[in-house]
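Working notes, structure below.
The values are calculated or read from the model by the stated rules, or taken from the named source; none is laboratory data. Please read these numbers as outputs of a predicted model, since none were measured by experiment. As a convention, Cβ positions derive from the backbone with ideal geometry for all residues, glycine included, and neighbour counts pool all protein chains shown. Protein only, heavy atoms only, side chains kept; ligands, DNA and RNA dropped before computing areas. Shrake-Rupley method; radii C 1.70, N 1.55, O 1.52, S 1.80 Å.
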Amino acid sequence: MLKDRILSAQALLQRFGVDALIVENLRNIRYLAGFTGSDGVVVLGGDEGWFLTDSRYTMQASQEVGGFKIIEYRGQMEGVSSLLKDISAQKVGFEAGHTTVAFYNELVAALPAVQFVPVGPELDKLRSVKDTEEVRLLTHCAEIASIALQSILDRVRPGAIERDVALALEFAMKAAGAEEKAFDFIVASGERGALPHGKAGNKVINSGELVTIDFGAVYNGYFSDETVTVSVGNPDERQRKIYSIVKDAHDRALAAVRPGITFKELDDLARGYITEQGYGSNFGHGLGHGVGLEVHEQPVVSFRNEGVVEEGMVFTIEPGIYIPGWGGVRIEDTVLVTAEGCRVLTKVPKELQILT
Ligand code: ZN
Ligand code: ZN
């Protein structure tokens, strides 16, 4: 598995005309080398690769890292520059989106004869199509989170505090096997639902309010992302109406996911419908995003992305309507693109649930 990933990354060396590529982003390092620690650098050559780390991690690296020569350094800069000297690299790529200006400046100063070439998000883009092991982990991660949410839904009732709901959910998720929560959960009730990223606060949930809960787990480094909006007490006509608009927009986009369609087309399907219903200006964010070793990664699912959906991609579909002074509705599922369409990885049913 890692071998295929390394080969695809090495193909980038040819594309950018460089004889080595410095990889500093820890997610990309984990993806290529399997290393789960917090300090290390990968240097990828045309037909070999090196994993450099400090003494705290050499033993861990020898257990986790396959396919790379392991080098222990005292300082990152010293380690990387002396390796690049040893292999007589002339032209070296670096991750423009991740390397700091300070690190870059030091490299240039240490190796004045080397030409450094910025490599864009190409390495991150390699991660957008998942292999079978990744699909297995993402599927399990989404399941853990969905099961946890369902097990605590009865706590979302009049008088409950948003923050307590978030805590109960985190506990249930970890009890179900999650190593971490994916992010600070959003539990936004009533008017707070108008905040697309309204983190759980001390507000008391009242009968007659919609509550948006956006949550996810981390399992073996892989993330999940899902959002439900539930009604506490019987919803009024406007709440029902707006919920059904968001649900229909979500369903339309979901039904259209297949290899070959563009991200813009998917976004247009949901956005066009919400706009037709008169709420276009209340849907400010893109339709979704990739999910994998990060909760937000490639691909960007939005009207700005004319790229094409490919089999094996995993991303979210999450339309929403946010109305200041009233509240909001968002419905989010994470899907895996299959040969014919998609498989929904997140498991909580998205029909409006009424909790009393
Ligand atoms: Zn989310
Ligand atoms: Zn999301």
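Worth pointing out:
- Taking strands (runs of 3 or more DSSP E) as the structural unit, those lying wholly within the stretch 294-337 and holding at least 2 residues that are within 23 Å of I274 (Cα to Cα), within 16 Å of the chain's Cα centre (by Cα) and modelled with pLDDT of 95 or more correspond to 297-301, 314-317, 333-337.
- The sole residue among D248, D184, D225 that is of a type outside the set (A, V, I, L, M) and away from ligand 1 (no atom under 16 Å from the Cβ) is D248.
- Condition broken by G260, with the remaining ones in (1) exposed (fewer than 15 other Cβ atoms within 10 Å of the Cβ); (2) within 16 Å of ligand 1 (Cβ to nearest atom) satisfied: (2)
- Among the residues listed as E276, E311, E294, E306, the single one being without any contact (Cβ under 8 Å) to a residue 12 or more places away in the chain and surrounded by fewer than 24 Cβ atoms within 10 Å (Cβ to Cβ): E276
- Given (1) surrounded by fewer than 18 Cβ atoms within 10 Å (Cβ to Cβ); (2) in contact with a Gly (Cβ under 9 Å, 6 or more places away or on another chain), index of the condition R238 fails: (2)
- Contact annotation: residue pairs with Cβ atoms under 8 Å, 6 or more positions apart or on different chains, pairing a residue in the stretch 173-186 that is in contact (Cβ under 8 Å) with a residue 40 or more places away in the chain with a partner that is open to solvent by 60 Å² or more (accessible area, probe 1.4 Å) and assigned to a loop (DSSP other than H, G, I, E, B), are E179/N220; I186/H197.
- Qualifying residue in the stretch 15-28 (condition: among the small types (G, A, S) and farther than 25 Å from E134 by Cα): yes
- If the condition is being away from ligand 2 (no atom under 15 Å from the Cβ) and in contact with a strand residue (DSSP E or B) (Cβ under 6 Å, 6 or more places away or on another chain), then the stretch 314-328 contributes I321, G327.
- I70 vs. criteria at pLDDT 95 or above and buried (at least 22 other Cβ atoms within 10 Å of the Cβ): no
- All positions within the stretch 306-356 that are of a type in the set (K, R) and either within 16 Å of ligand 1 (Cβ to nearest atom) or more than 20 Å from D267 (Cα to Cα) (or both): R330, K347, K350
- Candidate set from the stretch 287-298 (those that are of a type outside the set (A, V, I, L, M, F, W, C) and away from ligand 1 (no atom under 12 Å from the Cβ)); member that is farthest from D225 (Cα to Cα): Q298
- Residue count for the stretch 197-209, restricted to those that are open to solvent by 10 Å² or more (accessible area, probe 1.4 Å) and either more than 15 Å from ligand 1 (Cβ to nearest atom) or more than 16 Å from A182 (Cβ to Cβ) (or both): 8.
- Residue among R163, R136 that alone is open to solvent by 70 Å² or more (accessible area, probe 1.4 Å) and either of a type in the set (S, T, N, Q) or without any contact (Cβ under 8 Å) to a residue 24 or more places away in the chain (or both): R136
- Selection from the stretch 29-55 of residues that are over 17 Å from F94 (Cα atoms) and hydroxyl-bearing (S, T, Y): T36, S38, T53, S55
- Enumeration of residues in the stretch 210-222 that are near ligand 1 (Cβ under 10 Å from one of its atoms) and hydrophobic (A, V, I, L, M, F, W, C): I213, F215
- In the stretch 272-289, of all residues being in contact with a strand residue (DSSP E or B) (Cβ under 7 Å, 6 or more places away or on another chain) and of a type in the set (F, W, Y), the one that is nearest to ligand 2 (Cβ to nearest atom) corresponds to F283.
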